[in-house]
Amino acid sequence: MLKASCHQSVTRFDLARTLAGRGRYWTSAYLVDGILIDTGCAHTAVELARVLENVPLTHVVNTHTHEDHIGANGLLQRDRAGLEILAHPLAIPVLEDPRGRISLHPYRRLFWGWPQPCQARALPDEAWIETEKLRLQVVYTPGHSLDHLCLHVPERGWLFTGDLFVGGRERALREGYDIWQIIASLKRIAALPSSTLFPGSAHIREGSRQELKTKIAYLEDLGGRVLELEQRGWDVQAIMRKICGRPMLIEWVTLGNFTRRHLVLSYLGKYKMQ
């Protein structure tokens, strides 16, 4: 399932596999002046390629290599001679061999599927990507993944945030995420001059600096409460119940890959490494 919309001069594609007549677990891609930022999942690759059939593309830029953001890379590159795919240096081996580098849990195979391989070139931190009308700067933002990056367009006040910022108030985290790195990365992009956030899912935000500050304050407050309870002798299970509340549906759907426990452990893991 694909839905297209426009915001300023940016075209947004919301993409999701259709199950039982509805799109499930949406992700977003953005088209701006010949650059496609992320490509959705494998299940929507053909649909996205069809919509873009007569659209000039110079580059694909991946914010990170989770399968719901790189799913159409291979198909688009195969159909378009010379299409260059750009990503974080740590992303390159994953993009070249997704099946060898990504371990997909059952829910991830169901909702997003296996990406096809592609060839890609590494982007240095703070590098510039220039189009006919725009200049986009690369900003490394690890935490959600080690290979995560954002794109900043200073002249327009735009931030393409991938999955670093999608809004909401986390009560759970996927295994392997680093919550303290996420906070540090949010602080990095919050320091940039910006007015509009284009996230990897959820709605586009105006007045972005306040949104980012609110998110950072929430995560730091949550972390402080976790560490305080740990210092008072509470175990992980007790902290989880106190801080994160009742069980969540996503914990069941992901078979324990995305849980309240992982959020608490991420906070405590960083604390114990200091």
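Here, each number is a calculation from the coordinates, and none is a lab measurement. Just so we're clear, the structure is a prediction, and the values are computed from it rather than from any experiment. Neighbour counts are summed over all protein chains in view; Cβ atoms, including those assigned to glycine, are modelled from backbone coordinates with ideal geometry.
With a sphere of radius 11 Å drawn around the Cβ of residue 8, what net charge do the other residues whose Cβ falls strictly inside it have (Lys, Arg +1; Asp, Glu -1)? Summing Lys and Arg as +1 and Asp and Glu as -1 gives +1. Near the amide H of residue 84, within less than 5 Å, lie the amide hydrogens of 60, all on another chain or at least 5 residues away, with H placed in the peptide plane.
Taken over the chain, lysine pairs spaced eight or more positions apart, or on distinct chains, with alpha carbons under 25 Å apart number 11. Computed from backbone phi, the HN-Hα couplings of segment 231-236 come to 5, 7, x, 6, 8, 4 Hz, rounded to whole numbers (Karplus: 6.51 cos²θ - 1.76 cosθ + 1.60, θ = phi - 60°; Gly and Pro given as x).
Take the alpha carbon atoms of segment 194-272, find their center, do the same for segment 70-116, and report the distance between the two centers in whole angstrom. Their Cα centres are 28 Å away from one another.
Basic side chains Lys and Arg get +1 at the Cβ, acidic Asp and Glu get -1 at the Cβ, and with that the dipole of segment 72-167 about its Cα centre reaches some 360 debye. Simple point charges give the picture: +1 on the Cβ of Lys and Arg, -1 on the Cβ of Asp and Glu, and for the chain a dipole about the Cα centre of about 940 debye. Residues whose amide H falls under 5 Å from that of residue 19, counting only those 5 or more places apart or on a different chain, are 24, with hydrogens built in the peptide plane. Compactness of segment 31-156 is given as radius of gyration and Dmax, 13.9, 42 Å, from Cα positions.
Once the Kirkwood radius over Cα pairs is known for the chain, the Stokes-Einstein relation at 4 °C and 1.567 mPa s delivers a diffusion coefficient of 67 µm²/s.
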